[in-house]
1. Output the residues belonging to the range 160-191 that are in contact with a Ser or Thr (Cβ under 7 Å, 6 or more places away or on another chain) and under 28 Å from R37 (Cβ atoms).
2. Which members of the range 14-27 meet the condition of being open to solvent by 10 Å² or more (accessible area, probe 1.4 Å) and among the hydroxyl-bearing types (S, T, Y)?
3. Being open to solvent by 40 Å² or more (accessible area, probe 1.4 Å) and touching a residue at least 24 places away in the same chain (Cβ under 8 Å) is the filter here, so list the residues in the range 68-79 that pass it.
4. Could you list, ordered by first residue, the pairs with Cβ atoms under 6 Å in which the first is in the range 80-106 and in a loop (DSSP other than H, G, I, E, B) and the second is open to solvent by less than 50 Å² (accessible area, probe 1.4 Å) and modelled with pLDDT under 95, at least 6 apart or interchain?
5. Within the range 28-41, work out how many residues are open to solvent by less than 90 Å² (accessible area, probe 1.4 Å) and assigned to a loop (DSSP other than H, G, I, E, B).
6. May I ask you to verify whether A44 is open to solvent by 50 Å² or more (accessible area, probe 1.4 Å) and either charged (D, E, K, R) or under 22 Å from F134 (Cα atoms) (or both)?
7. Spot the failing condition for I54; the list is (1) open to solvent by 70 Å² or more (accessible area, probe 1.4 Å); (2) of a type outside the set (S, T, Y); (3) part of a loop (DSSP other than H, G, I, E, B), and only one is missed.
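The values are calculated or read from the model by the stated rules, or taken from the named source; none is laboratory data. Model, not experiment: these values are computed from the prediction. Quick reminder, even Gly has a Cβ in these numbers, built from the backbone with ideal geometry, and neighbours come from all protein chains shown. These accessible areas exclude ligands, DNA and RNA; they are computed on the full protein's heavy atoms, side chains included. Shrake-Rupley method; radii C 1.70, N 1.55, O 1.52, S 1.80 Å.
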Amino acid sequence: MSQDIVLYLVRHGEAEHNVLGVGSSLPEITERHLTERGKEQIRAAADLLAGQSIDAIIASPLLRTQETAAIIAEKTGVLVQTDDRLHETGLGVFNEQPIKRFFGKYPDASMRISVHEDDGVENFDTMRGRLESFLDDVRERYAGKTVVVVSHGDPLEQLHGLIVGEGVAEAAVGWSPSKGSCTRMIWKDVQ
C-alpha cells in the first residue's frame with residue numbers, strides 16, 4: 001500500500017499588508033485581512049480543492065492564513081487545524097515596518113541564512129527546523145492521505161525544498177509560490 005502523501009501547498013491570498021508594503025509576522029500587532037482580490041484568489045484555489053478528497057487542512061496562525069484556510073474549509077467541508085510552526089518568517093525589528101527596510105538590509109534571500117542577531121530576524125535554518133518538525137508530524141499522522149498546508153512564501157519555499165531534497169540555500173532561491181497559489185506535490189513513499 002502506498003504511503004505517499006499528497007500535499008497542496010497554498011500561499012495565502014493578497015492581504016492588506018501586501019498592498020500597504022508593510023512587514024507582518026508574529027507577534028501579529030495589527031490585524032491584516034485578505035483583500036477582495038485575495039479572497040478571489042483563494043476562492044479559485046478552493047474551487048480546485050473542492051474536487052479533491054482532502055483529509056486535513058493545516059494553517060499558520062496569522063489572520064491572513066486563517067482567512068485563507070476558512071475559505072477552503074467552507075468549500076471542502078474539512079475543519080481547519082492551526083499549527084504555529086507554519087507561521088511567517090520572524091521579522092524581528094522589521095515587523096510592522098515598511099517591508100522595503102527589511103529587503104534593504106537583506107536584499108538577497110541567501111543573506112537570510114545567517115542574519116544579524118540584533119535584528120531579531122528568524123534565519124532560514126531556524127525556520128527549516130520548525131518545518132522539519134512539522135513534516136515529521138505530518139508523516140506520522142497522514143501517510144497515504146491528502147493534506148492542504150496554508151502558509152506564507154518563505155515557509156512554503158522551505159517545505160517544498162525539504163520534500164524535493166533541496167538544501168536551505170537552494171530552496172530559498174528556487175521554487176516560489178505566488179499569493180493565492182495552490183501547488184500540488186506528491187511526497188513519495190513516506191516512511
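1. Kept after step one, since they are in contact with a Ser or Thr (Cβ under 7 Å, 6 or more places away or on another chain), are these residues of the range 160-191: 169, 172-173, 177.
Selection gives A172, V173, P177.
2. Pass one, the range 14-27, residues open to solvent by 10 Å² or more (accessible area, probe 1.4 Å): 14, 16-22, 26-27.
Matches in the range 14-27: none.
3. Our first condition is that a residue be open to solvent by 40 Å² or more (accessible area, probe 1.4 Å); within the range 68-79, this holds for 70, 74-75, 77, 79.
If the condition is that a residue be open to solvent by 40 Å² or more (accessible area, probe 1.4 Å) and touching a residue at least 24 places away in the same chain (Cβ under 8 Å), then E74, K75 are the ones that fit.
4. Listed by first residue and then by second, the contacts come to Y106/R112.
5. From the range 28-41, those open to solvent by less than 90 Å² (accessible area, probe 1.4 Å) are 28, 30, 32-35, 38-39, 41; that's our starting set.
Okay, now just the ones that are also assigned to a loop (DSSP other than H, G, I, E, B), so 28, 30, 32-33, 35.
Of the residues in the range 28-41, 5 are open to solvent by less than 90 Å² (accessible area, probe 1.4 Å) and assigned to a loop (DSSP other than H, G, I, E, B).
6. Details: open to solvent by 50 Å² or more (accessible area, probe 1.4 Å): yes; either charged (D, E, K, R) or under 22 Å from F134 (Cα atoms) (or both): no.
Taking the combined requirement at face value, the residue does not satisfy it.
7. (1)
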